[in-house]
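Student: One structure is given below, represented as structure tokens, and several questions about it will come after.
The values are calculated or read from the model by the stated rules, or taken from the named source; none is laboratory data. Computed from a prediction, not measured in an experiment: that's the story for all the values here. Cβ placement follows ideal geometry from the backbone for every residue including glycine, while neighbour counts extend to all protein chains displayed. Side chains included, ligands, DNA and RNA excluded: accessible areas come from the protein's heavy atoms. Shrake-Rupley method; radii C 1.70, N 1.55, O 1.52, S 1.80 Å.
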Amino acid sequence: MSRSSSAPATAGEVFALVRAGAATTRSEIGHHTGLSRTAVAARVAALQDLGLVVETEEGPSTGGRPPLTLTFGAGAGIVLVVAIGRSRTQLAVCDLAGELLRTEDLEQEIGASPGELMPKVAAHLADLRDALGPGCLL
């Protein structure tokens, strides 16, 4: 998948390639985007600083030094999820890949107002997040 635009690839586009598994090395990113090695290194470094891209084991060598493999850093953050129903609200905390880390059901009175329900939802989400421990990002 080569880029059709003449504008340089953004860090977001590089991230999308890594997350989709379309590019797992810096060389592959350069091939897909047309970016120079320096530009690829700068975008990958920015993504690594955020924890969104992680360097893992060495990939297969093509004659020189084996390249490091880039993977999506699903643990770089969390997503708080709420599904409000008539008598029950479902709460969840997921990693960035959508994997469930914690869940809870919150029973409520039918017809509860937002003023009654939302403070409870916020408090329970905070408890779920806190249960993940100090490594949780939020």
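Student: Within the range 45-52, is there a residue that is modelled with pLDDT of 95 or more, open to solvent by less than 70 Å² (accessible area, probe 1.4 Å), out of contact with any helix residue (DSSP H, G or I) (no Cβ under 6 Å at 6 or more places or on another chain) and on the phi < 0 side of the Ramachandran plot?
Tutor: For the range 45-52, residues modelled with pLDDT of 95 or more, open to solvent by less than 70 Å² (accessible area, probe 1.4 Å), out of contact with any helix residue (DSSP H, G or I) (no Cβ under 6 Å at 6 or more places or on another chain) and on the phi < 0 side of the Ramachandran plot: present.
The rows are residues; the columns are (1) hydrophobic (A, V, I, L, M, F, W, C); (2) in a strand (DSSP E or B).
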position	(1), (2)
Leu80	yes, yes
Arg86	no, no
Ala92	yes, yes
Thr103	no, yes
Leu117	yes, no
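Student: Next question. If you take the residues of the range 106-121 that are open to solvent by 80 Å² or more (accessible area, probe 1.4 Å) and touching a residue at least 12 places away in the same chain (Cβ under 8 Å), which of them is nearest to Ala74 (Cα to Cα)?
Tutor: So the residue we want is Lys120.
Student: Which of the following residues is free of Cβ contacts under 8 Å to residues at least 60 places away in the same chain and in a strand (DSSP E or B): Leu125, Leu70?
Tutor: Criteria check complete, one pass: Leu70.
Student: What are the residue pairs meeting all of these: first residue in the range 16-45, first residue without any contact (Cβ under 8 Å) to a residue 12 or more places away in the chain, second residue part of a helix (DSSP H, G or I) and among the small types (Gly, Ala, Ser), Cβ atoms under 9 Å, and 6 or more apart or on different chains?
Tutor: Gly30/Ala39; Ser36/Gly30; Arg37/Ser27; Arg37/Gly30; Ala42/Ala11
Student: Please count how many residues of the range 81-138 are over 30 Å from Ala20 (Cα atoms), in contact with a helix residue (DSSP H, G or I) (Cβ under 8 Å, 6 or more places away or on another chain) and among the β-branched types (Val, Ile, Thr).
Tutor: Adding up the residues that qualify gives 2.
Student: Quick check on Leu70: is it open to solvent by 50 Å² or more (accessible area, probe 1.4 Å), under 22 Å from the mean Cα position of the chain (by Cα) and within 25 Å of Gly12 (Cα to Cα)?
Tutor: No, not satisfied.
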